[in-house]
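Take a look at the structure set out below.
Read the figures in this text as sums done on the coordinates, not as results from a lab. Because the structure is predicted, anything quoted here is derived from the model rather than measured. With ideal geometry, Cβ positions are generated from the backbone for all residues, glycine too; neighbour counts draw on all protein chains shown.
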Amino acid sequence: MDMDENKPTEKTELGMLRIDLQDSLRQSSVDPRKLSSFQRILLTTDGTVTEILEAQLWEAIHIVKLFQDITDAETAIPFLDIGPGTRIMVRKVLLRGKYSHKNYIYAESILVPERLPDNIRESLMETQKPIGQLIMQNRMESFREILTCKLEEARELSEYFDIPDDAMLVSRTYRVFANRQPIMLITEKFPEAAFQQTD
C-alpha cells in the first residue's frame with residue numbers, strides 16, 4: 001500500500017479533528033501547505049499566543065496598547081450575539097519582543113465588558129497584560145472557536161512590521177466563550193514573510 005495515499009492533496013481535505021478550523025481554512029485564501037510549521041501553529045492554536053511566541057523565540061513578549069476605549073456598538077455583532085447599542089471594549093495592541101523591540105503580531109479585539117469578571121475587566125483597563133494571560137491567571141474556563149483565516153495586504157499596518165504596504169499579512173479571527181456565551185472577538189495578524197525559520 002502506498003503510504004502517500006492518505007495524505008491530503010488539497011487544503012480542503014486536511015481531515016483535521018477541529019471542525020471550526022477545517023471550515024475556516026476551506027473558505028480562506030490561506031494554503032496551510034505554504035506556511036512554515038510555526039506559522040501554522042500560530043494560525044491554528046487554541047492556546048495563548050503570547051506564551052507560544054515566548055517559547056519559540058526565547059524572548060519575553062509584552063503588550064503595547066495602540067488604542068483602547070469603551071463605547072456602544074454601532075451595529076449588531078452576530079459573532080458576539082449582541083445588538084447595536086451594547087457596551088463594548090475595543091482594543092488594538094502589538095505583541096512586541098521585550099529586548100528586540102520587534103513587533104511580532106498585531107491584534108485587535110472587541111469585548112463585552114458585562115460578561116467579564118470585574119477583576120479581568122479592571123486589569124484590561126489598568127495593566128499591560130495580554131487577555132489570554134489574564135484569563136489563565138484568574139482560572140477562567142474558556143473555549144476558542146476559530147472563525148476565519150485569510151491573507152490580506154498590510155496597508156496601514158505595514159509601519160508596525162517595517163514592510164511594504166502591499167506585503168501580505170496572515171490573519172485569523174476567533175471568538176472566546178465563557179459561561180456558554182461569547183465574551184470577545186479577536187483578530188491576530190502577522191507578516192506572511194515572518195516566522196519562516198522555525199529552528
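In debye to the nearest 20, how big a dipole does segment 18-191 give about its Cα centre with +1 on each Lys and Arg Cβ and -1 on each Asp and Glu Cβ?
Dipole magnitude for segment 18-191 comes out near 440 debye.
For the charge dipole of segment 18-191, defined by +1 on Lys and Arg C-beta atoms and -1 on Asp and Glu C-beta atoms about the Cα centroid, which residue among M168, L42, T127 has the Cα displaced farthest towards the positive pole? About the Cα centre, the residue reaching furthest to the positive side is L42. Computed from phi, the 3J(HN,Hα) profile of segment 78-83 under the Karplus parametrisation 6.51, -1.76, 1.60 (θ = phi - 60°) reads x, 5, 9, 6, 10, x Hz, with x in place of Gly and Pro.
Here the residues H62, H101, ranked from fewest to most Cβ neighbours within 10 Å of their Cβ, fall in the order H101, H62. Given R0 = 30 Å, the distance between the Cβ atoms of A193 and R87 translates into a calculated FRET efficiency of 0.20. Between K129 and E152, what FRET efficiency follows from the Cβ-Cβ distance if R0 is 30 Å, with the result rounded to 0.05? Calculated value: 0.60.
Among 102-111, 75-84, sorting by the average number of other beta carbon atoms lying within 10 angstrom of each residue, highest first, gives 102-111, 75-84. Using R0 = 25 Å, the C-beta based FRET efficiency linking D162 and T48 works out to 0.45.
Which shape class, rounded, prolate or oblate, goes with segment 18-191 when its Cα gyration tensor gives a ≥ b ≥ c as root eigenvalues, a/c under 1.5 marks rounded, and past that a/b bigger than b/c marks prolate? Verdict is rounded for segment 18-191.
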